[in-house]
Structure formats: C-alpha cells, structure tokens
Amino acid sequence: MDKPQSCVLVIFGASGDLTKRKLVPALFSLFEQKLLPEKFAILGVGRKSFDDESFRKYICENLKIFTKLEKIDELVEKQFIQNFYFCSIDTNSIPEYSKIKQKLTSIVSDYDIDRNFLFYLSSPPSLYERIVAGLGTCDLQREETYQHNWKRLVVEKPFGQDLDSAKTLNKNLLKVFREKQIYRIDHYLGKETVQNILALRFSNGIFEPLWNRNYIDYIEITAAEQLGVENRGGYYEHIGALRDMVQNHLLQLLGTIAIEPPGSFEPQSVRNEMVKIFRSLQEISPSEVSQFSIRGQYIKGDLNGNALKGYRQEDGVDPDSRTETFAAVKVFVDSWRWGGVPFIIRTGKRMPTRVTEVAINFKPAPHFLFAKDNPSYQAPNRLIMRIQPDEGMLLNFGMKSPGSGFQIKNVGMDFHYSDLSNDRLPDAYERLLLDALLGDATLFYRGDAAEACWSFVQPIIDSWDNGETPLYGYPAATWGPIQSTELLKGHESDWRYPCKNITGHDKFCEL
Ligand code: BG6
C-alpha cells in the first residue's frame, strides 16, 4: 500500500468525544500497521489549557479506554504518543490563529518535513466557518505548488442543519479552500461492508444484469440502534433521526446501491455518478410527506422485566419534545434503471437490536409452477447485504424439500466476514483518515452531493417541523411505529426483522 507523505494532522476539537473515541484509536492502529508516514505529527487545537505533555497523557489514558485492540504494545504506544502536540487557543478568536501557525512552523522544522497539513474539523459544527476563516487569515490553506506541498480540510458531519445552512457552509469553505482540498466525511462510506457493495456489484458479472427494475421489486435499508440517546439528549433534541442518519449515512448507502457503473474508479468519476443519483431522487411534495414518510419517538418500554425510559424522560430532552427518534422514508430514484422501484429506508434508536443491512427483494418467478403444493408461498429471492454486525451476505432462494410432491422451502447461502479469520475489518475512520492523508477523495462526498441530499430531505423536514405530519410513539425495544409498514404497501406486507445474526430474522428478537 502507498504511504502518505510526511505531514502534520491538525485536529480542531482535540479534547472532544470523536477525537478520543474514533480518531486516536484509528491513528494508533494505522501507526501500528506502519501505514503512517515516518515523519508524522498530530497537533491538537482547543480551548483546554493542555501543554504538549499533559495532552500526551490525556491521549494515552483515553487510548487505553477506547482502542479495540486486545493489547497495546507499550513501546509502540510510547513512540506514537511522542508525536502529539497541543495548541491552546480560543477558536472563536481570529487573532489567536497565528499561534497555530507558529506552532506548525516549529513542528515542521523539528521534523524537517514539508508544509503538508491536514486540518480536521472535529469541533462543534457551529465553529466550522470561524475556524476556516481563522486558517485563511494566516494563509494556512495555501498550497505552494513550487514546493509541492499540500493542505487539506476534513469536515465532519453534520454538514449544515438544512439546505440553506449547507449552502452557506459550502460557500464559506470555498472562500478559503478549493473544492479539491475539501474532504467531507461520512463514516458510513468508510465502512468495509459499504465499500463491498461496490465490489460486489462491479467485480462480478452476475449481479449487474439483475440490478434494475426488471428484476428488483423493492429495496429495504434498515439502520436500527439498540441504544437510546444516552448522554446526547441535549444535542439530539435539535437534530432527530432524519438529519442524524437519513440525510447523510442512509442516502450515501442508497447511493452505493443505486449508482451507475462509473467509467473508472477515480474519485471524480465515482463522485460524479453518486451526485447523479442524489439529483435523481424523486422530490416529495409537501402534500405527499405523510404518504412517503413516517416519524416516531420511543416511549417507555420494557425488556425482560427491565423498564426502559421513554425519549422524553431522557436527560437534556424537553418533556414535550416532538423530535423524532425513528424515521422511515420511501424513496424513488427517477432513472431508467430504477423507475418505480422503492427504496424503503428506516432508522431508529431503541429498537430491539443493533443492525444495519440492505435487503434487495427480487421479483417473483413470472409463473410459479408449484402453487398447488405451496398455496401461500412468497417470492423467496432476497439478497441481504449486512453492514453490521455479523458482516456478510445472504442470498435466499427456493429449493425443493426432499420427498414426494413439490414442497418449496426457502433456504439461504451465506458468507460471513468472520470466516476470513485473518482479515480484521478496519474501522471506518482508519480507512478515511488514511485516504485523506493520501489525497484520495473517492470515499468523501462533494459539496454538490451534500446540497442534493439536503434538497431531497428539506420538504420532509419542513413538514415535520411545522407539525403537519403525525409523530407516532413506539415502545422502547420495538421496531418503530406500526404505521411504518404502510410504506411497504403493494409489496411484502411487512418489513424484514433482522437479528444480530445475518441468517436470523424475528420481530421479537432479544436485546
Ligand atoms: C452517527 C450518529 O453519525 O452515527 C449517531 O450521530 C449514530 O446518532 C451513529 O449512533 C451510528 O453509527 P454506526 O457506525 O454505529 O452505525
């Protein structure tokens, strides 16, 4: 694999949750695998009054808590930690950005490296524009081409709160950075199993001929979470499931399923095709919102005798909150390939299990010869792409049960990543951080894609915010409001209820 050039990674929001939970463990894993450059420094920026030493101590403590590795090699950890530095500034105050510039100058000279900088926005989103303006005043974004150095900017989600704010954010980022320097991150695109959708489609000849409206009846995309909002109630209150999961992660997932084969696997080629899908999403008019979308909020529930709180009883949540913790949307892609095939998306907190998967439901055989022996037999062909957990694939089809007559039984062929025992599935952030350091933007979405996705969800947001659509309650540890099955009308009468194990499905699966 290519190794990135020597550089400095500058993390804004360095004492925040994302840094300790995701970025540092991912960096450590890359470091251990020797995938980071020989000369590589990480500069944390934030309000906290850390100096380099106390920041290293903080990183070290949290690495032990959040790494998924069973054991940390102490020597490797020591070498890794030495590369951390801290610059304490008020990120709201533009004059203070000169301190970052000074610190970078000293790191670059200590390490004897080129001025290659990757700026990572992991701060509260309300600061993104300010930080970029601050970098701009110090000219830190400038790429001195004659010296062959680069400057890149990684932007975390949420990318705006709605269409207008996303447009403004794009405009303000582009005042300082050029589009090709900006890496908008959606960690779903970094998941191995999401990338595998592209590999499955475009490295096999057998699926593509079936991948269209002639053979596919409808597609279900489920992202269920077992947990409630935990300690994020205050944040979640202003977000809700549609903004938190659908506008970004699940539309990106839809994009990878629906995308036309790109001419090459070059970033622009892939991203051009993704944007075409987002621009082809059939607009839902205000009068259609309640027909095409369902929202819900978990109420108190019970699991095996253990009481679970309702959303309104969670810390930081308004006792009269109208924020949705469940969202289901029926989406059509207006194209020759997909005309009339619904992509039915659902996501929610406090569902019976944690599972993300795509179920491609194929049309039944045109003439079923065995109806006499199987009067209520349903179309068996379904391809399940399991994103997490029990990552893998399952293909269902009908087979004759041994014996007299023609009893048809639904059976499955399955593949589990865990069977590839030597291949660890890297965390999404490992892949995305490495790609950003290498300058490969294939798995990052462009500004036009962000705006196209917001354009699609905006009428739903407006209708939900104006209270024009009902908000249904669902007991914690259930699959969301029963009204969501309405979205399947004309197809199967009910959702697939996946279990932790890819081959299982059960409406009442255990937590
Ligand atoms: C985040 C959302 O972007 O994605 C969280 O803000 C959600 O609310 C998380 O829990 C889900 O990610 P994953 O990788 O666990 O499916």
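If you plug the beta carbon distance of residue 62 and residue 202 into 1/(1 + (r/R0)^6) with R0 = 30 Å, you get a FRET efficiency near 0.15.
Suppose all protein chains stay in the model; what accessible area per residue would a 1.4 Å probe give for region 279-367, in Å²? Walk me through the intermediate numbers first.
Working: 3960 Å² over 89 residues.
Per residue, region 279-367 has 44 Å² of solvent-accessible surface.
Figure note: 469, 105 ranked by solvent-accessible area, largest first, 1.4 Å probe, ligands and nucleic acids not counted: 105, 469.
Packing-based ranking of 321-332, 373-384, 15-26 yields 321-332, 15-26, 373-384, ordered from highest to lowest mean Cβ neighbour count within 10 Å.
Computing FRET efficiency as 1/(1 + (r/R0)^6) for residue 92 and residue 465, where r is the C-beta to C-beta distance and R0 is 22 Å, gives about 0.20.
Of all accessible surface on region 334-466 at a 1.4 Å probe, what whole percent is carbon and sulfur?
Values: 3200 of 5860 Å².
Heavy-atom surface of region 334-466 belonging to carbon and sulfur, 1.4 Å probe: 55 percent.
Calculated FRET efficiency, residue 212 and residue 448, Cβ-Cβ r, R0 35 Å, to nearest 0.05?
Working: r = 25 Å, r/R0 = 0.72.
E between residue 212 and residue 448, to the nearest 0.05, is 0.90.
The HN-Hα couplings worked out from phi for region 18-31 by the Karplus form 6.51 cos²θ - 1.76 cosθ + 1.60 (θ = phi - 60°) are 4, 4, 6, 7, 10, 5, 5, x, 5, 5, 5, 4, 5, 4 Hz, whole numbers, x standing for Gly and Pro.
With θ taken as phi - 60° and the Karplus curve 6.51 cos²θ - 1.76 cosθ + 1.60 applied, the whole-hertz 3J(HN,Hα) list for region 134-148 is x, 5, x, 5, 8, 6, 6, 8, 6, 9, 7, 4, 5, 9, 6 Hz, x standing for glycine and proline.
In terms of its alpha-carbon gyration tensor, region 106-146 comes out prolate; a/c meets the 1.5 threshold, and the first ratio a/b outweighs b/c. Taking amide H as placed 1.01 Å from N in the peptide plane, residue 10 has its amide H under 5 Å from the amide H of 43, 118, 119, 120, each at least 5 places away in sequence or on another chain.
For 445, 215, give the ranking by accessible area with the largest first, probe 1.4 Å.
On the way: 445 25, 215 115 Å².
Heavy-atom accessible area, descending, gives 215, 445.
Residues 32, 468 ordered from highest to lowest accessible area at a 1.4 Å probe: 468, 32.
Rounded to the nearest whole Hz, the Karplus-based 3J(HN,Hα) values (6.51 cos²θ - 1.76 cosθ + 1.60, θ = phi - 60°) of region 295-306 follow the sequence 10, x, 9, 6, 10, 4, x, 9, 9, 6, x, 9, with x at glycine and proline. In the chain, helices alone account for a calculated mean residue ellipticity at 222 nm of -8500 deg cm²/dmol, with every DSSP H run of four or more residues adding -39,500 (n - 2.57).
When every Cα-Cα distance of the chain is counted in 10 angstrom steps from zero, the calculated P(r) takes the values 4, 17, 27, 26, 17, 7, 2, 1, 0 percent. In terms of packing, defined here as the mean over residues of other Cβ atoms within 10 angstrom, the peptides 69-77, 490-498, 222-230, 240-248 line up highest first as 240-248, 222-230, 490-498, 69-77. On a per residue basis, region 404-470 carries 45 Å² of accessible surface, using protein heavy atoms and a 1.4 Å probe. For the pair region 437-511 / region 134-151, the C-alpha centres are spaced 41 Å from each other. Based on C-alpha pairs under 8 angstrom that are at least 6 apart in sequence, the chain has a relative contact order of 18 percent. Near the amide H of residue 218, within less than 5 Å, lie the amide hydrogens of 361, all on another chain or at least 5 residues away, with H placed in the peptide plane.
Provide the packing ranking of 141-149, 476-484, i.e. peptides ordered by the mean count of other C-beta atoms within 10 Å per residue, highest first.
Highest-to-lowest ranking by the protection proxy: 476-484, 141-149.
For region 206-247, the carbon plus sulfur part of the accessible surface works out to 54%, probe radius 1.4 Å.
Over region 127-262, accessible surface divided per residue gives 38 Å², non-protein components excluded, 1.4 Å probe. Site pair residue 335 and residue 489 shows an inter-label distance of 2.8 nm when each label is modelled 7 Å from Cα along Cα→Cβ. Between residue 420 and residue 126, full extension at 0.36 nm per residue minus the direct alpha carbon distance yields a gain of 101.6 nm.
The values are calculated or read from the model by the stated rules, or taken from the named source; none is laboratory data. Keep in mind the model is a prediction, meaning the values are calculated, not measured. Note that we place each Cβ from the backbone using ideal geometry, even for glycine, and neighbour counts take in every protein chain shown. Note: areas computed on protein heavy atoms with side chains; ligands, DNA, RNA excluded. Shrake-Rupley method; radii C 1.70, N 1.55, O 1.52, S 1.80 Å.
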